Amino acid sequence: MNMPADRPMQGDALLVIDVQNDFLPGGALAVSRGECVIEPINRWMAHFSNEGLPVFATRDSHPPDHCSFLEQGGPWPSHCIKGSWGADFPDSLQLQPEVRIVDKPDCRDQETYSAFTGTSLDEWLRSADVDHLWVGGLATDYCVMNTVLDALSLEYRVTLLGEAICAVDVEAADGANAIQRMVAQGVVLR
């Protein structure tokens, strides 16, 4: 496998995972220190945009009776309900008009951690001749990890932006274990 370059170049895309109000302080499923990813992600988005490279931002989206919610027997509090404030991107996330939004499916009976499941992300990346993803966002141990592992299985090269990820850490080492798992699969941690 070819090692990725130290800086983004042709064939690269930035993938921003689920930086939404409900995963930030004050949100229904706030990731501890989740707000810390915004400034580095804004820098990376500006860099990719200035270089004319594509940026994709995923958005978690659920119906009010989603299977993952505690009220339905799932593990999570109700979050990112389609059309709600919690499902919106925060004002501090500087999404440019050319950023392609990837809405995850809002099926009641399906949990979707990976941005590749039930979306057109792979098709969009292939049509843009992308073979290398630079990834940041929330949360390291769920949506980031599942998206990255799917990207690897689809034969994308992946660089994980260590300064631009945070974990839920249901168990204390979940985030560290997720990073270790991704690196063991061939991800470059930057």
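Of note:
- Boolean, Ser61 is touching a residue at least 12 places away in the same chain (Cβ under 8 Å), surrounded by 16 or more Cβ atoms within 10 Å (Cβ to Cβ), within 14 Å of Asp18 (Cα to Cα) and of a type outside the set (Phe, Trp, Tyr): yes
- The number of residues in region 37-80 that are more than 22 Å from Ile165 (Cβ to Cβ), outside any helix (DSSP H, G or I) and modelled with pLDDT under 80 comes to 4.
- Verdict on Trp124 being in a helix (DSSP H, G or I), closer than 21 Å to Val188 by Cβ and either touching a residue at least 60 places away in the same chain (Cβ under 8 Å) or over 18 Å from the mean Cα position of the chain (by Cα) (or both): no
- Within region 165-190, residues that are more than 19 Å from Asp6 (Cα to Cα) sit with their Cβ atoms under 6 Å from residues that are buried (at least 16 other Cβ atoms within 10 Å of the Cβ) and among the charged types (D, E, K, R), at 6+ positions apart or across chains, in these pairs: Ala167/Asp141; Ala167/Asp174; Val168/Asp141; Asp174/Asp141; Gly175/Asp141; Gly175/Asp169; Ala178/Asp141.
- Qualifying residue in region 97-117 (condition: crowded, with 17+ Cβ neighbours inside 10 Å, in contact with a Leu (Cβ under 8 Å, 6 or more places away or on another chain), more than 27 Å from Pro25 (Cβ to Cβ) and of a type in the set (Val, Ile, Thr)): no
- Residue ID - nearest to Leu95 (Cα to Cα), chosen from residues in region 39-58 that are surrounded by fewer than 20 Cβ atoms within 10 Å (Cβ to Cβ) and touching a Ser or Thr at 6+ places or on another chain (Cβ under 9 Å): Asn42
- Ser127 fulfils the conditions (1) loosely packed, with under 15 Cβ neighbours inside 10 Å; (2) modelled with pLDDT under 90 except for a single criterion, (2).
- Close pairs (8 angstrom Cβ cut-off, 6 or more residues apart or separate chains): on the phi < 0 side of the Ramachandran plot and in contact (Cβ under 8 Å) with a residue 40 or more places away in the chain in region 38-57, of a type in the set (Phe, Trp, Tyr) and not in a helix (DSSP H, G or I) anywhere: Trp44/Trp134; Phe48/Trp134; Ala57/Phe89
- Output for region 39-64, where each listed residue is over 15 Å from the mean Cα position of the chain (by Cα) and under 18 Å from His79 (Cα atoms): His62, Pro63, Pro64
- Matching residues in region 69-83 - criterion: being in contact with a strand residue (DSSP E or B) (Cβ under 9 Å, 6 or more places away or on another chain), surrounded by fewer than 21 Cβ atoms within 10 Å (Cβ to Cβ) and within 15 Å of Gln20 (Cβ to Cβ): Trp76, Pro77, Ser78, Ile81, Lys82
- Residues in region 6-38 that are loosely packed, with under 13 Cβ neighbours inside 10 Å and over 16 Å from the mean Cα position of the chain (by Cα): Asp6, Arg7, Met9, Gln10, Pro25, Gly26.
- Residues being over 22 Å from Val183 (Cα atoms) and either more than 16 Å from the chain's Cα centre (by Cα) or of a type outside the set (S, T, N, Q) (or both) - total across region 96-121: 18
- Of the residues making up region 130-171, those that are among the acidic types (Asp, Glu) and either surrounded by fewer than 22 Cβ atoms within 10 Å (Cβ to Cβ) or in a loop (DSSP other than H, G, I, E, B) (or both) are Asp131, Asp150, Glu155, Glu163, Asp169, Glu171.
The values are calculated or read from the model by the stated rules, or taken from the named source; none is laboratory data. Predicted, not measured: the structure shown is a model, and the values here were computed from it. Note: ideal-geometry Cβ built from the backbone for every residue, glycine included; neighbour counts use all protein chains shown.
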